[in-house]
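Chemist: First the structure, then my questions, so here it is.
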Amino acid sequence: MTLANPTIQIDSQGGPELMHLVDRPVGEPGAGEIRIRHHACGLNYIDVYHRSGVYPLPMPHALGMEAAGVVEAVGEGVTHLKAGDRAAYASNPPGAYCLARVMPAKNVVKLPDAISFETGAAMMLKGLTAQYLLRKTLPAEGLQKGDFVLWHAAAGGVGLIACQWARALGLQLIGTAGSDEKCALAKENGAAFVINYRTEDFAARVKEITGGKGVKVVYDSVGKDTWDKSLDCLRPFGLMASFGNASGVVPPFAPGSLGAKGSLYVTRATLFTHIATREATQAMADDLFSFVASGQVKIHVEQRFPLAEAAQAHRELEARKTTGCTILLP
Ligand SMILES: NC(=O)c1ccc[n+]([C@@H]2O[C@H](COP(=O)([O-])OP(=O)(O)OC[C@H]3O[C@@H](n4cnc5c(N)ncnc54)[C@H](OP(=O)(O)O)[C@@H]3O)[C@@H](O)[C@H]2O)c1
């Protein structure tokens, strides 16, 4: 049976087997909303947290936070988009794993003609995340050319974008990854140094690479497994930028340990604070689009799945089998 609007939904939080297709009616956009028809949807680790229950959601709920397509209709008060526009977004509420949806307009931006729907769907959430981390999540004195930063999971979706962007900014990004092949990929994409953190002690290697000084920032989305050692990679006054929990949520810690390790700073950052307004979203997207248009950042769509196989895409992401970006095709 062909569904008018195939949508991946969960009725309770748990494993990938709970993800199933439903036919969801799409209405007309209200004030501040648009209706969009997707050409491609992005897969992100946050979708795993929404599915598994790490981030609670009211049930039932559709999944997905990122997509690209064509605007079909706009509601009252929406002036930056019109029917027929190519557009892309990273946005709440979850519900992007579908053919068409009505959603808030504030995080939807026009997609430049030079950027394909697949690239647009792959890059919005991950690219805007790399943007706010490398541009705005900085130590007190900022980052200068030549500075060392440590980036975990450097061959992943956000990671490969960050490697290239850091190189374009003149930073020396030390990337960690879970296999030698992934390390090679991160290096090809701009990591100055790479560490296979499944086989090497990454804190010892960071000390060696930086001549014992440590890095100015650790960008850590792995969470539980990397937290303690990451603090040991920082130089005095360094910044621990925690932004994810792929290995599990970071347990509570004693602030006193930050003093003992060199008056460190810690932030737990999230994209959604940065894209709280339409103006901020557009400014960040313009910065991302300019790096992509100039070729300094290439978006690697390494895996494609039909929308109906979204559960398999989740399994592969969680099993650390993917590199770069993954998209779902409705
Ligand atoms: N706070 C924010 O604003 C924000 C926004 C976007 C993304 N994020 C976070 O950034 C991270 C990357 O997101 P992404 O969508 O681009 O995913 P991804 O990096 O493509 O996939 C996650 C990667 O984490 C690594 N990893 C380490 N330990 C793991 C474990 N126990 N289980 C699963 N993976 C593990 C794996 O790489 P290796 O095999 O190389 O270790 C895996 O490929 C996620 O943690 C995500 O939640 C945060």
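Chemist: When the chain is modelled as a GNM with alpha-carbon springs shorter than 10 Å, which of 210, 129, 273 fluctuates the most?
Modeler: So, out of 210, 129, 273, the one fluctuating most is 273.
Chemist: What number results when the radius of gyration of region 44-97, computed over Cα atoms, is divided by 2.2 N^0.38 Å? Please list the in-between numbers first.
Modeler: Details: Rg = 13.6 Å, N = 54, 2.2 N^0.38 = 10.0 Å.
Cα Rg divided by the expected 2.2 N^0.38 Å: 1.35.
Chemist: Which shape class applies to region 56-138: rounded if a/c is under 1.5, otherwise prolate when a/b exceeds b/c and oblate if not, where a ≥ b ≥ c are the square roots of the Cα gyration tensor eigenvalues? Numbers along the way, then the final one.
Modeler: On the way: a/c = 1.57, a/b = 1.09, b/c = 1.44.
The shape class here is oblate.
Chemist: Continuing with this model, one more query. Of 64, 14, 175, which is the most mobile in a GNM of the chain whose springs link Cα atoms less than 10 angstrom apart?
Modeler: For the chain, modelled as a Gaussian network with Cα springs under 10 Å, the answer is 14.
Chemist: How much length, in nm to one decimal, is gained on full extension between residue 318 and residue 290, taken as 0.36 nm per residue of separation minus their Cα-Cα distance? Please list the in-between numbers first.
Modeler: Values: separation 28, 0.36 × 28 = 10.08 nm, distance 3.12 nm.
Result for the pair: 7.0 nm of gain on full extension.
Chemist: Roughly how big is the chain's charge dipole about its Cα centre, with Cβ charges of +1 (Lys, Arg) and -1 (Asp, Glu), in debye to the nearest 20? Walk me through the numbers before you get to the answer.
Modeler: Numbers: 32 positive and 31 negative charges, 132 e Å.
The dipole magnitude comes to about 640 debye.
Chemist: Rounded to whole Å, give me the distance from the Cα center of region 280-330 to that of region 159-195.
Modeler: With region 280-330 and region 159-195 each reduced to a Cα centre, they are spaced 17 Å.
Chemist: Around residue 44, what is the net charge, scoring Lys/Arg as +1 and Asp/Glu as -1 over all other residues with Cβ under 9 Å from its Cβ?
Modeler: Neighbour charge sum, excluding residue 44 itself: -1.
Chemist: Can you list the residues, at least 5 places off or on another chain, whose amide H is less than 5 Å from the amide H of residue 176, using H built in the peptide plane?
Modeler: Excluding prolines and chain starts, which carry no amide H, the hits are 151, 152, 153, 154, 195.
Chemist: Under 10 Å, Cα contacts only: if you run a Gaussian network model on the chain, which one of 115, 299, 174 comes out with the highest mean-square fluctuation?
Modeler: Residue with maximal mean-square fluctuation among 115, 299, 174: 115.
Chemist: Could you pull out every one of the lysines with an alpha carbon less than 22 Å from that of residue 224, ignoring same-chain neighbours closer than 8 positions?
Modeler: Of all the lysines, those that pass the test against residue 224 - Cα under 22 Å, at least 8 places apart if same chain - are 126, 182, 207, 216, 261, 321.
Chemist: Can you give me the accessible area per residue for region 1-48, using a 1.4 Å probe, in Å²?
Modeler: On a per-residue basis, 47 Å².
Chemist: Report, in cubic angstrom per residue, the convex hull volume of the C-alpha atoms of the chain.
Modeler: 127 Å³
Chemist: How much accessible area per residue does region 199-330 have, in Å², with a 1.4 Å probe? If you can, show how the numbers build up before the last one.
Modeler: On the way: 6030 Å² over 132 residues.
Accessible area per residue, region 199-330: 46 Å².
Chemist: Further question on the same structure: With a 10 Å radius around each residue's Cβ, average the other Cβ atoms per peptide and rank 153-162, 237-246, 52-61, highest first.
Modeler: Details: 153-162: 29.3, 237-246: 21.1, 52-61: 12.5.
In descending order of packing, they fall as 153-162, 237-246, 52-61.
Chemist: Applying the Karplus parametrisation 6.51 cos²θ - 1.76 cosθ + 1.60 with θ = phi - 60° to the phi angles of region 238-248, what ³J(HN,Hα) value in whole Hz is obtained for each residue in order, glycine and proline being reported as x?
Modeler: Each residue's phi maps through the Karplus curve to give x, 10, 8, 9, 8, 9, x, 9, 4, 9, x Hz.
Chemist: I'd like the distance separating the alpha-carbon centroids of region 34-81 and region 16-30, in whole Å.
Modeler: A separation of 11 Å, based on Cα centres.
Chemist: Further question on the same structure: Rounded to the nearest percent, how much of the accessible area of region 106-201 (1.4 Å probe, protein heavy atoms only) is carbon and sulfur?
Modeler: C and S atoms contribute 51 percent here.
The values are calculated or read from the model by the stated rules, or taken from the named source; none is laboratory data. In this text, all values refer to a predicted model and were calculated from it rather than measured experimentally. Heads up, the Cβs are rebuilt from the backbone with ideal geometry, glycines too, and the neighbour counts pull from every protein chain shown. For the accessible areas, the whole protein counts, side chains as well, though only heavy atoms, and no ligand, DNA or RNA atoms are used. Shrake-Rupley method; radii C 1.70, N 1.55, O 1.52, S 1.80 Å.
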